[in-house]
Amino acid sequence: MKRLLLLGWLLIGATASVCAQQRQGAWWYMFNTALNFNVSPPVPHTVYYGAGEPGPGTISDARGNLLFYCGSAEYVLNRNEQIMPSALLPLPQSGMPTRRGGTVIVPDPADEARYYIFNTFIPWFPTPPPPTSRYELVPQLHYGIVDMRLDSGRGDLVPPLASLRPPVRDTIAPKLTVLLHANNRDSWVVSVNYRGDSLLAWPVTAQGIGALVASPVGGRTRLFVEDSARVIYNIRFIRGSPDSRVLSCPTDSAIELYNFDRATGRFTPRLSLPLHPVPNVVTRTAAFSPDGNKLYVGFLQDTVPPAHDALVQYDLTAGSAAAVAATRTVVLTHPDLLGVGDIQLAMDGRLYFTSGRRGGIGTTQGFFVNWLSRVNCPNQPGLACQPELWYDSLAGSALSTPVLNQTLFRNANILQAQASRAAVCPAGDTARLTAFGAGADQFAWTGPGGQVLPGAQPRVAPLTTTRYRVTGTGPCATDTASVVVRVLPPPAPFDLGPDVVLTTGQTATFVVAGNAGQQFLWNTGDTTTSITTDSAGVYWVRVFNAGGCELTDTVRVEVVNGLADAPGAMPRAGIWPNPSADGRFTVRLPLPAELVLTDALGRVVARQRTAAGDTPLDLRAQLAGVYVLRLAWPDGRATVRRLVRW
């Protein structure tokens, strides 16, 4: 019997709270740059294995801790920025040279430790390409699964890897996005077919990946271009609104918006915002404000000096397509700005976008986007949105932000508070407080009675369940929020009892007493207050609570597993372990007896008279093999057992 009290961090898994969901988008990986939104403001840092371009995938847990991301080429990297053991994502089986076109990561609704990785691959050829059909060269959708229980909790890919081929004439466009199902648990993986006349949605449910739902949209959503050599340029992003009810699709001639039925996966046209094509300018990306009322459209160009607006805003509440188009407002242009590579909402309530700057390496020709910029107040109209150009530099040319489910950030326009531990145990244990959202970058915390807490992320040690309040201030507004940290009592001491020796057919029951309301986990996998067993082994139980307190106890069970006594022989004797790996046995006798041990050839190895009780029998000096033990009782009867020494 061994008992231990553990006091420490108990990481709580993903919950249904919006606060926890937003944390899943806390880390961004873009080419050779990583952004950590757990701190304010997020500061880029350089990584050796960068995320793939374009459309990298990244995922964090409910506490904002990085889980993994998809690196350059086909690699998947863990939270330590190390390549996973089974690192390669699935590739097309055609043998053609390819590059990644887009990646999204979707949690498995049936298992919080598993994640789907969906990715597209584009054939990549020198000029001229091999003589093959155009439809054989367009991107294909593949997926793999990462299980975070593998590789000591760092995660690894799980075979098999699979391919999804939509049952329409064409394969898909390179870009992907994720929308939330109406049940707020499942997801839809969304893309466009090659010809741009159908929007495609695959449901990801607890039962797996469901059947494709294809919505004809009349050929208005072609997202990429193909030159005379049939090389596909992967240049535009599709993105959902924070409530997953609207999808934006930039094209050469218009921004197409579609309503999305989150229950059925069907798209219907909402409105089309006409654009005026300009040579060397690409309508590349669009994103919604946190309240879903504003649409931001980014343009990328390779003219020097730039000759076009980089970022424009539309007010989607204006009504008809013509009325919305009339609200077009240029919110960003600059003589040294080469445009917007990609733009996306973040958990702090701001829009962040990659941008190029004339004078940087490689900016005299082509696209080189090596700066991070942002919109500080995206819910505000016109220039009141406060765009901030060249907020910080990036490591290398990062055209794309991660492809994240924008529904994670559906409450990013309000301040939210979170504790690193929702409950602590025992009283006086600590938790760290954080807040984010509403565009806030300054935070003031108070405790009971208005006590001022130091720092933007104070550590607290409540003695009783306590509510903490925070005021967040940013360039747009001031908001307040609060979070409760519960103090839980530790588990009550308990005892599983002494070690047990059973004979074949007997059972033993072990009970945890006096711990109603606690959680239980046995090494058998049971989560009840008791277990019953008839098998030899070591059994332990963890009794714990959400605050991190834990008690354990251990008990050993031995089972006498020798041959049965000869017919009519009495009394019974026990021998264990049998077989024995090290040659040491224990013989339990109810009465005194003479013990005679012989080897397989009948030679006497040991002879002794033994009292009742437990007697050690040491065969370490003997060779491995089968031995015969004869126990002669005082009344002249005998018991014969076979012993195996490995």
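Some notes on this structure:
- Where labels lie 7 Å past Cα in the beta-carbon direction, separation of THR471 and ASP635 in nm: 9.1
- q = 0.11, 0.17, 0.19 Å⁻¹, the stretch 572-646: log10 I(q)/I(0) [Debye, one scatterer per Cα]: -0.24, -0.57, -0.72
- Cβ-Cβ FRET estimate between ARG584 and ASP526, R0 fixed at 25 Å, reported to 0.05: 0.20
- Kirkwood-based Rg to Rh ratio, the stretch 440-528, C-alpha trace: 1.32
- Potential lengthening between VAL43 and VAL511 on full extension [0.36 nm per residue; Cα-Cα distance subtracted]: 163.3 nm
- Shown for the stretch 411-509: the carbon plus sulfur share of the solvent-accessible area, taken with all protein chains present and a 1.4 angstrom probe, equals 54%.
- Pairwise label distance in nanometres, ASN293 with ALA211, each label 7 Å out on the Cα-Cβ vector: 4.1
- Equivalent ellipsoid semi-axes - Cα gyration tensor, the stretch 394-447, angstrom: 31, 15, 13
- Extending 7 Å from Cα along the Cβ direction at GLU388 and again at THR615 yields two label points whose distance is 8.5 nm.
- On the beta carbon distance between ALA624 and ASP499, with R0 = 35 Å, the FRET formula returns roughly 0.80.
- Here the peptides 489-497, 538-546, 60-68, 458-466 are ranked by packing, the mean other Cβ count within 10 Å, and the order with the highest first is 60-68, 538-546, 489-497, 458-466.
- Rh by Kirkwood over Cα pairs, then Stokes-Einstein D for the stretch 522-646 at 0.692 mPa s and 37 °C, µm²/s: 196
- Calculated FRET value between GLN457 and ASN80, using beta carbons and R₀ = 30 Å, to 0.05: 0.85
The values are calculated or read from the model by the stated rules, or taken from the named source; none is laboratory data. As the structure is a computational prediction, the values presented were derived from the model and not from experiment. Positions of Cβ are generated from backbone atoms using ideal geometry, with glycine treated the same way; all protein chains shown enter the neighbour counts. The area values use the complete protein model at the heavy-atom level, side chains included, leaving out ligands, DNA and RNA. Shrake-Rupley method; radii C 1.70, N 1.55, O 1.52, S 1.80 Å.
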